[in-house]
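Okay, so here's the structure we're looking at.
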Amino acid sequence: MRIRTRAALVAVATVVACALGASAAAAYTLPPGNGQFDYQIGGAYNPLGTVRVASRDRLENPVDARGRAVYDVCYVNTFQTQPDEIAWWRANHPELLLRNASGEYVGDPAWGEILLDTRTAAKRTALEGIMAGWFGECAGKGFDAIEPDNLDTWTRSEGLITKANNVAMMRLLTAAAHAADLAIAQKNVSPELGSQGPTIGFDFSIVESCQVYSECGPVLTNYGSRVYEIEYTTSAFNAACRARGATISVILRDRYVTPDTDPDYVYDYC
Ligand SMILES: *[C@@H]1O[C@H](CO)[C@@H](O)[C@H](O)[C@H]1NC(C)=O
């Protein structure tokens, strides 16, 4: 069933792009181009009244209902465990956690996360089933879109995962989002995917630190004004604002994207 849906949705996505949702079949909407963004994945808070696009963790609620002032994006860690979910994964789906030849989990030590194993079609299908359930919960709460994170795990998998493995997983995820009436963002991987993103099914982009790494080009070409950029240093933010602030939403956040009650909280926009 999901395979059929995926094939059909390539056409739907094209309709959305061409006719801005005029088709009755296009049940998901795209974010407002250059709409002021806020990134709240480290904790939700009331955004400024001028914010038009916000991303929050899937366990949070959206800012408002669908079709209202704020376009709500639901953050889902689709290629790694969240640190506080490791016990759940070990208890319920240990076979979907990536292990190396010594049997050790392969992870992202800096963030306390374990990579999910996308190496076989069977595992990808199992992962998609879990993620589709989470996407459905996002849709049920009123989110408009999905931000799937850590698409690039093949680059730090000790050589175990290939880019092709993850692209195959991305195709399942974009289809699952669209089937749940949600748009889906290409998160980062701007140079890695190049022009591939839209053909995989991504609708817009959320990109971190592309100023720092000089890699904003491919997503800007692919998604135009529907690129939402987060920079984490004032110098990168200022440079990004000068380069692109008139055409896309660029924001400055603190590294841990803390809520506005935190002493480390930083938010600026242009
Ligand atoms: C597996 O990972 C552990 C922990 O990072 C490491 O010490 C070990 O050398 C790895 N084994 C292989 C075969 O790569």
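The rows are residues; the columns are (1) more than 16 Å from the ligand (Cβ to nearest atom); (2) surrounded by fewer than 24 Cβ atoms within 10 Å (Cβ to Cβ); (3) within 14 Å of the chain's Cα centre (by Cα); (4) under 20 Å from Ser209 (Cβ atoms).
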site	(1), (2), (3), (4)
Arg156	no, yes, no, yes
Asp181	yes, yes, no, no
Pro191	yes, yes, no, yes
Thr199	yes, yes, no, no
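Condition check ((1) within 17 Å of the chain's Cα centre (by Cα); (2) in a helix (DSSP H, G or I); (3) of a type outside the set (S, T, N, Q)) across all residues:
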residue	(1), (2), (3)
Gln211	no, no, no
Phe237	no, yes, yes
Ala246	no, no, yes
Tyr256	yes, no, yes
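Find all pairs meeting these conditions: Cβ atoms under 7 angstrom apart; at least six residues apart or on different chains; first residue within the range 92-110 and among the polar types (S, T, N, Q); second residue in a loop (DSSP other than H, G, I, E, B) and more than 8 Å from the ligand (Cβ to nearest atom).
Listed by first residue and then by second, the contacts come to Asn100/Leu160.
Could you please find all residues in the range 91-132 being assigned to a loop (DSSP other than H, G, I, E, B), β-branched (Val, Ile, Thr) and either within 15 Å of Asp152 (Cα to Cα) or within 15 Å of the ligand (Cβ to nearest atom) (or both)?
Listed by number, the residues that qualify are Val106, Thr118.
Just wondering, is there one or more residues in the range 20-32 that are buried (at least 21 other Cβ atoms within 10 Å of the Cβ), within 16 Å of the chain's Cα centre (by Cα), at pLDDT 95 or above and in a strand (DSSP E or B)?
No: the range 20-32 contains no residue that is buried (at least 21 other Cβ atoms within 10 Å of the Cβ), within 16 Å of the chain's Cα centre (by Cα), at pLDDT 95 or above and in a strand (DSSP E or B).
The values are calculated or read from the model by the stated rules, or taken from the named source; none is laboratory data. All of these numbers come straight from a predicted model, not from anything done at the bench. Every residue, glycine as well, gets a Cβ built from its backbone with ideal geometry; the counts of neighbours run over all protein chains shown.
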